[in-house]
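The values are calculated or read from the model by the stated rules, or taken from the named source; none is laboratory data. Computed from a prediction, not measured in an experiment: that's the story for all the values here. Cβ coordinates were reconstructed from backbone atoms using ideal geometry, including for glycine residues, and neighbour counts include every protein chain displayed. Keep in mind that these areas ignore ligands, DNA and RNA; they rest on the heavy atoms of the full protein, side chains included. Shrake-Rupley method; radii C 1.70, N 1.55, O 1.52, S 1.80 Å.
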Amino acid sequence: MAKKKNGTICYKCSSCGYSQPRWLGRCPECGEWNSFIECVTDADSRSPAFSGITVRAKPVPLDSVNPMEGTRIPTGIPEFDRVLGGGAMKRSAVLIGGEPGIGKSTLLLQTAASIASGNPSGGRILYVSGEESAAQIRARADRLGITGSVQPGGIELLCTTHLADIDDALNTLNPVFVIIDSIQTVYSTEAGIVPGTVNQLKYCANELIGWVKERDAVLFLAAHVTKDGQIAGPKSLEHMVDTVISFERNDEQVRFLRAQKNRFGSVDELGIFAMTETGLFPVEDPATLFITSRTGPLPAGVASVPVFEGSRVFLVEIQALTVPAKAAVTRVYSDRIDSARVSRVAAVLEKRIGIRFSDQDLYINVAGGVRLTESAIDGALAAALYSARTDIPVPEHTVIVGELSLAGELRPVNRIRQRAKAAAGLGYTRLFSPEQEPGTIHITDVKSLIKELFGGSINPKPPVL
């Protein structure tokens, strides 16, 4: 058979991938109207995902582009949709990373079942697993109670690690939702025979992303992480996809879903799930998740602050402990708040208040296990550190908001009214803020904050340990 000449023009259906030499108004394979796009053949291409046919790129006027062309597919899981920016964007690739056993496969299987049951006529779903057998995936589906809610044939399972097999399934089924669990297990003979190498990850991910970019489908790639919590493989893998999501956990059964990169939405939203025997479920009342319930008085070293995570306000409890240093060099133990921020706030207190931290080891924790990066927590962190050092508790029903400068000034933060409303709704009667807003106590610097909170001398003698 004669080899096709490079550069030959053909037309390819953007819905099912069917190609033929002439343009047609309706695709004879899938029946879609006006779905043919002009492509060019590349007979020398060895790419299994493109099959030697690539879309011919042409410039188009900006005002002629339909802004609704990139529509979203709701996952049916509100917390997941929140992190994605309102749903999964068509023709996009999403990378989900998390430590072993955190629930990546559970979340993706629940998402596939939710899409299949919510829109049974909206196309097929392909679940590719390189780590489990079909029987093991079916057993998980039965345990999660999602088998009966999925229409027959709604979810197709493919247990393989070979990219060519995945490509055949993609072109045959033409799914609208593709899950690869995980990308580190996929390999192609074009890039070697060992999966997980840098070349394999880049090559296989590029082929899969190239396939989904030409069709109205969504690609989810589950990814392994290193012992440091970073996604394993080359950093270019995160640049290739449209969205990077990290799956984290606290010490309990709570899971946090956070976007590190999102081309189609915010990276500030936080999804909160509870892991149970029957799967992942959104936390119904996350506003009180990070506040400790107590029957007695408030202990020393504890301060509360309302923080924004995306569009929601959470009341968070910061806990501090100071003890004499066990070595010549003091240390800061803080995995939920940046240790550099803790050291900076302690240095400002030592300089502006006169209370000594340079001979203390500092331990910082956040109730509920959430990571805090917002600068609005500086005031509460300063109050918690001062309280822990002097062993004087912060007054009850009090929250502190404000960014602390090196000069000891407290700077205003955004959306103070929403923070005050959330705090009042949970029974907090006093809110210290650098802004003059109704219902708040105005403070301008850390010295006035300490005086208002603790009264009397701002530099009492620390307790003898």
Keeping all protein chains in place, calculate the accessible area per residue for the chain (probe 1.4 angstrom), answer in Å².
-> 47 Å²
Distance between modelled label sites at GLU132 and ASP268, nm, 7 Å Cα→Cβ extension = 3.6 nm
Contact order normalised by residue count of region 364-435, Cα under 8 Å, 6+ apart, percent | 31 percent
Would you kindly state how much longer the chain becomes between SER358 and ALA424 on full extension, computed as 0.36 nm times their sequence separation minus their alpha carbon distance, in nm to one decimal?
-> 20.1 nm
What is the spin-label model distance, in nm, from THR147 to GLU350 if the labels are put 7 Å beyond Cα along the C-beta direction?
-> 6.2 nm
P(r) weight above 43 Å for the chain, C-alpha pairs, percent = 31 percent
Relative contact order %, the chain, counting alpha carbon pairs below 8 Å whose residues are six or more apart | 11 percent
By accessible area (1.4 Å), largest first, ASP445, ASP335 order as ASP335, ASP445
extent check for region 131-253: Cα max minus min per principal axis, descending, whole Å, gives 44, 40, 27
Percent antiparallel among DSSP beta bridges (both partners in the chain, rounded to 5) = 55 percent
Mean ellipticity per residue at 222 nm, deg cm²/dmol - from DSSP H runs of n ≥ 4 across the chain, formula -39500 (n - 2.57) | -7000 deg cm²/dmol
Hey, for a label at SER236 modelled as a point 7 Å past Cα toward Cβ, could you say which residues of region 180-195 have their backbone N under 14 Å away?
-> 191
Ranked highest first by the average count of other Cβ atoms within 10 Å around their residues, in what order do 28-38, 203-213 fall?
-> 203-213, 28-38
Sorted by packing (mean other beta-carbon atoms within 10 Å per residue), highest first, where do 265-272, 102-109 land?
-> 102-109, 265-272
Semi-axes of region 205-311's equivalent ellipsoid from the Cα gyration tensor, sqrt of 5 times each eigenvalue, largest first, rounded to whole Å?
-> 35, 15, 15
Two-site FRET efficiency, GLU38 against THR278, from Cβ-Cβ distance with R₀ of 56 Å, rounded to 0.05 = 0.70
On the accessible surface of region 233-340, probed at 1.4 Å with all protein chains in place, carbon and sulfur together account for a percent value of 53 percent
Please give the FRET efficiency for GLU437 paired with GLU29, using the beta carbon to beta carbon distance and R0 = 60 Å, rounded to the nearest 0.05.
-> 0.45
Residue (of GLY301, PHE357, VAL241) at the positive-pole extreme of the chain, dipole from beta-carbon charges = PHE357
Rounded to the nearest 0.05, FRET efficiency between ARG415 and ARG331 (Cβ-Cβ, R0 25 Å) equals 0.10
